[in-house]
Amino acid sequence: IEAKNNPGLLTGQRVKISRKRVRYLIRTVTEPEHLFEPGQRQKAQRMFNTLIRKAAGHLDDALAYTLLIPRRAVRIRLFCLLPLFFAIATLIEAKNNPGLLTGQRVKISRKRVRYLIRTVTLICWNNKALRSFYTSFRGQIPEPA
(Lines give C-alpha, C1' and ligand atoms only; values in the text may rest on other atoms or scores of the structure.)
Protein backbone atom coordinates (compact mmCIF):
# COMPACT_ATOMS: atom_id res chain seq x y z
CA ILE A 1 0.00 0.00 0.00
CA GLU A 2 1.44 3.37 -0.90
CA ALA A 3 0.58 6.60 0.82
CA LYS A 4 -0.99 9.15 -1.48
CA ASN A 5 -3.76 11.02 0.29
CA ASN A 6 -3.45 8.83 3.35
CA PRO A 7 -3.04 10.94 6.51
CA GLY A 8 -1.80 7.90 8.46
CA LEU A 9 1.32 7.47 6.34
CA LEU A 10 4.08 9.79 5.22
CA THR A 11 4.32 10.66 1.52
CA GLY A 12 6.03 7.88 -0.38
CA GLN A 13 6.03 5.56 2.63
CA ARG A 14 5.13 1.94 1.99
CA VAL A 15 3.53 -0.53 4.34
CA LYS A 16 4.62 -4.15 4.02
CA ILE A 17 1.72 -6.54 4.40
CA SER A 18 1.97 -10.32 3.94
CA ARG A 19 -0.06 -12.04 1.24
CA LYS A 20 -2.32 -13.55 3.87
CA ARG A 21 -2.98 -10.08 5.30
CA VAL A 22 -3.65 -8.71 1.80
CA ARG A 23 -6.28 -11.41 1.27
CA TYR A 24 -7.80 -10.53 4.65
CA LEU A 25 -7.69 -6.85 3.73
CA ILE A 26 -9.48 -7.49 0.45
CA ARG A 27 -12.18 -9.49 2.24
CA THR A 28 -12.77 -6.78 4.85
CA VAL A 29 -12.17 -3.61 2.84
CA THR A 30 -13.17 -3.46 -0.82
CA GLU A 31 -9.94 -1.90 -2.11
CA PRO A 32 -6.70 -1.18 -0.22
CA GLU A 33 -6.72 2.42 -1.52
CA HIS A 34 -10.03 2.99 0.29
CA LEU A 35 -8.75 1.75 3.63
CA PHE A 36 -8.77 5.17 5.28
CA GLU A 37 -12.02 6.46 3.81
CA PRO A 38 -14.70 7.34 6.40
CA GLY A 39 -17.12 4.71 5.09
CA GLN A 40 -14.55 1.95 5.54
CA ARG A 41 -13.36 2.86 9.03
CA GLN A 42 -15.24 0.14 10.89
CA LYS A 43 -13.90 -2.57 8.59
CA ALA A 44 -10.42 -1.08 8.66
CA GLN A 45 -10.48 -0.95 12.47
CA ARG A 46 -11.34 -4.65 12.58
CA MET A 47 -8.37 -5.34 10.31
CA PHE A 48 -6.05 -3.24 12.48
CA ASN A 49 -7.30 -5.01 15.61
CA THR A 50 -6.38 -8.32 13.98
CA LEU A 51 -2.89 -7.00 13.25
CA ILE A 52 -2.64 -5.71 16.84
CA ARG A 53 -3.47 -9.19 18.17
CA LYS A 54 -0.81 -10.67 15.89
CA ALA A 55 1.77 -8.14 17.10
CA ALA A 56 0.86 -8.95 20.71
CA GLY A 57 1.55 -12.60 19.97
CA HIS A 58 5.06 -11.63 18.83
CA LEU A 59 5.52 -9.70 22.07
CA ASP A 60 4.55 -12.86 23.98
CA ASP A 61 7.45 -14.60 22.23
CA ALA A 62 9.76 -11.68 22.95
CA LEU A 63 8.96 -11.87 26.67
CA ALA A 64 9.63 -15.62 26.75
CA TYR A 65 12.96 -15.06 25.00
CA THR A 66 13.92 -12.15 27.27
CA LEU A 67 13.21 -14.17 30.40
CA LEU A 68 15.93 -16.60 29.27
CA ILE A 69 18.52 -13.87 29.86
CA PRO A 70 20.20 -14.51 33.23
CA ARG A 71 18.57 -12.56 36.06
CA ARG A 72 21.90 -11.09 37.14
CA ALA A 73 22.22 -9.37 33.70
CA VAL A 74 19.94 -6.55 34.82
CA ARG A 75 21.07 -3.97 32.25
CA ILE A 76 20.57 -6.34 29.32
CA ARG A 77 17.17 -7.37 30.66
CA LEU A 78 16.10 -3.75 31.03
CA PHE A 79 17.35 -3.01 27.53
CA CYS A 80 14.97 -5.70 26.22
CA LEU A 81 12.09 -5.36 28.68
CA LEU A 82 11.43 -1.63 28.57
CA PRO A 83 10.73 -1.47 24.81
CA LEU A 84 8.62 -4.62 25.14
CA PHE A 85 6.40 -3.03 27.80
CA PHE A 86 6.23 0.25 25.86
CA ALA A 87 5.11 -1.76 22.82
CA ILE A 88 2.34 -3.67 24.61
CA ALA A 89 1.09 -0.43 26.21
CA THR A 90 1.05 1.23 22.77
CA LEU A 91 -0.88 -1.68 21.26
CA ILE A 92 -3.46 -1.31 24.01
CA GLU A 93 -3.79 2.39 23.15
CA ALA A 94 -4.14 1.55 19.43
CA LYS A 95 -6.81 -1.12 19.93
CA ASN A 96 -10.22 0.22 18.87
CA ASN A 97 -8.75 3.73 18.65
CA PRO A 98 -10.42 5.71 15.82
CA GLY A 99 -7.46 8.11 15.82
CA LEU A 100 -5.39 5.35 14.26
CA LEU A 101 -7.44 5.73 11.07
CA THR A 102 -7.50 9.52 10.96
CA GLY A 103 -3.76 10.07 11.12
CA GLN A 104 -3.53 10.94 14.81
CA ARG A 105 -0.50 9.62 16.63
CA VAL A 106 -1.17 6.78 19.02
CA LYS A 107 1.12 7.28 21.99
CA ILE A 108 1.34 6.29 25.62
CA SER A 109 1.41 9.10 28.14
CA ARG A 110 4.56 10.25 29.90
CA LYS A 111 2.96 9.23 33.16
CA ARG A 112 2.50 5.69 31.82
CA VAL A 113 6.13 5.66 30.58
CA ARG A 114 7.40 6.69 34.02
CA TYR A 115 5.22 4.04 35.65
CA LEU A 116 6.55 1.36 33.31
CA ILE A 117 10.18 2.38 33.80
CA ARG A 118 9.79 2.39 37.57
CA THR A 119 7.93 -0.91 37.79
CA VAL A 120 10.01 -2.86 35.27
CA THR A 121 13.23 -1.62 36.88
CA LEU A 122 12.05 -2.88 40.26
CA ILE A 123 10.96 -6.32 39.06
CA CYS A 124 13.37 -7.00 36.18
CA TRP A 125 15.19 -9.72 38.10
CA ASN A 126 12.00 -11.65 38.98
CA ASN A 127 10.59 -13.77 36.13
CA LYS A 128 7.34 -14.58 37.92
CA ALA A 129 6.65 -10.90 38.67
CA LEU A 130 7.48 -9.93 35.07
CA ARG A 131 5.11 -12.55 33.67
CA SER A 132 2.36 -11.40 36.01
CA PHE A 133 2.90 -7.73 35.16
CA TYR A 134 2.95 -8.50 31.43
CA THR A 135 -0.21 -10.60 31.74
CA SER A 136 -2.01 -7.64 33.32
CA PHE A 137 -1.39 -5.76 30.06
CA ARG A 138 -1.78 -8.69 27.70
CA GLY A 139 -5.24 -9.49 29.03
CA GLN A 140 -6.49 -6.25 27.48
CA ILE A 141 -5.77 -7.60 23.98
CA PRO A 142 -7.88 -10.74 23.49
CA GLU A 143 -6.66 -13.72 21.52
CA PRO A 144 -8.22 -14.17 18.07
CA ALA A 145 -11.44 -16.16 18.10
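The values are calculated or read from the model by the stated rules, or taken from the named source; none is laboratory data. Quick caveat: nothing in here was measured; it's all calculated off a predicted structure. Heads up, the Cβs are rebuilt from the backbone with ideal geometry, glycines too, and the neighbour counts pull from every protein chain shown. Keep in mind that these areas ignore ligands, DNA and RNA; they rest on the heavy atoms of the full protein, side chains included. Shrake-Rupley method; radii C 1.70, N 1.55, O 1.52, S 1.80 Å.
Points worth noting:
- Residues satisfying the stated conditions in the stretch 45-74, i.e. within 19 Å of residue 120 (Cβ to Cβ), open to solvent by less than 50 Å² (accessible area, probe 1.4 Å) and among the β-branched types (Val, Ile, Thr): 66, 69
Yes/no per residue for (1) within 30 Å of residue 37 (Cα to Cα); (2) within 18 Å of the chain's Cα centre (by Cα); (3) open to solvent by less than 70 Å² (accessible area, probe 1.4 Å); (4) in contact (Cβ under 8 Å) with a residue 40 or more places away in the chain:
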site: 76; (1), (2), (3), (4): no, no, no, no
site: 87; (1), (2), (3), (4): yes, yes, yes, no
site: 96; (1), (2), (3), (4): yes, yes, no, yes
site: 121; (1), (2), (3), (4): no, no, yes, yes
site: 141; (1), (2), (3), (4): yes, yes, yes, yes
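- Residue-level check: of (1) touching a helix residue (DSSP H, G or I) at 6+ places or on another chain (Cβ under 6 Å); (2) of a type in the set (A, V, I, L, M, F, W, C); (3) not in a helix (DSSP H, G or I), residue 59 misses just (3).
- Against the criterion of being open to solvent by less than 80 Å² (accessible area, probe 1.4 Å), more than 25 Å from residue 143 (Cβ to Cβ) and without any contact (Cβ under 8 Å) to a residue 60 or more places away in the chain, residue 104 does not qualify.
- If you go through the stretch 98-119 and pick out every residue that is under 19 Å from residue 59 (Cα atoms) and over 12 Å from the mean Cα position of the chain (by Cα), you end up with 5.
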